[in-house]
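Notes follow the structure.
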Amino acid sequence: MPDLTSRLLRIALVVFLFVLAVTVMRLTVVVSVPVALAGFTLMLALPLQRKLQARGMRTGPANLLTLLAVGCVTGLFLLLLYWLGQAVVTQAPEYGPQLDRLLTQWRNRLADLQEAVPGPEKNFEVEAVVDWLVGWVPSVFRSVYGLLGLIVLTATFLVLGLIESRGLADRVRGALRPATARLVLDATQEWASVMSRYMLVRTVISALTGLATWVFTWAVGLEFAGVWGMLTFLLNFIPMLGSIVAVVPPVLIALLHPEPWMGFTVLAGLTCIQLFLGNYVDPRMEGRILSVSPFVLFLSVIFWGWIWGIPGALMGIPITVGFVIFCKYGKSTRWLARLLEHDPNHGRHAEEPQGEQPQDARQ
């Protein structure tokens, strides 16, 4: 009976700590998101810093070049976003007549529906739609301001992380027991290696999907073909959900096209592209790197997206993979890692981490 009570108390404590951690992360999103983004970026950037130092470069110049490389990649993504917005804003007035025609059709249908269904009289005016769109302007400015603040804070934490990364392994060895320190460092190294390969594969898949989207929309004669290709490339970095969102904007533009078949054609074509690359190519390329269950990965994207929004959806899979790797290296949590894995007997995940081998292996 005391053992049962102890187990129940332990489970209750774990649940309480989990709820507390989730609450804290949601309440401190302004700080926790930049810290998490900086940590994830640091994990991807450290190999470059180590290679520069291995070639005889001092720590200061190596950190500066690493920051420049990260800044160039971030700047490229921001330029792509700016180009997408500029292209849409420049050519949006050309769709004014089509939008007016579509709104008129919807208003007529709503008027017919209002006559068919008895109820209070309602007026559906285009001005109301315009006022609703104008109401988005403050939200857009708040989003831009929040993005700039996020970039500044993330860059600050990244600089501090690069400075503190020197001698971090020695501090871990000094703070923990030798066996525990070795497991922590090995798990961290494996996590960084897996994430580097994952981001490479994710970039290749996103580029292939964006290229296929650009070629298809250009072939059917849909405007903004380059915009849809770039938008698909960027959104595919959000696992699973990004590919669904990427289909919506070009389909909406296709519905404004004079040809009635354009909407269905674009929807069918883009869906086929996403299904082929997302269900056939992507699992085979990423399956060799990530052995976590696809259901668990999907839940992780939704869960971290609920906590941190878009940054959480971007980091959901890396955080979950790191959690599984660290569980695999712990003797008491290895069962949880095998429960979350898609194929527990695949690759390194089937091996017992060094320093904690079973008793039979020692004998």
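Things to note:
- Residues whose placed amide H lies under 5 Å from that of VAL292, excluding near-sequence neighbours: HIS342
- Taking 7 Å steps out from each Cα toward its Cβ at TRP261 and LEU185 produces label points 6.6 nm apart.
- Efficiency of FRET between PHE295 and SER196 - r from beta-carbon atoms, R0 22 angstrom, step 0.05: 0.35
- From most to least packed by mean Cβ count within 10 Å, the peptides 230-241, 298-309 give 230-241, 298-309.
- Note on VAL204 and THR28: their simple-model spin labels are 3.8 nm apart, each label 7 Å out from Cα toward Cβ.
- In nm, spacing of pseudo-spin labels at SER165 and LEU68 (7 Å Cα→C-beta vector): 1.7
- R0 of 25 Å, Cβ-Cβ distance PHE77-THR333: FRET efficiency to nearest 0.05: 0.10
Throughout, read-outs are computed from the coordinates displayed, never taken from laboratory work. Every value quoted in this text rests on a predicted model; they were computed, and no experiment measured them. We place every Cβ from the backbone using ideal geometry, glycine too, and count neighbours over all the protein chains shown.
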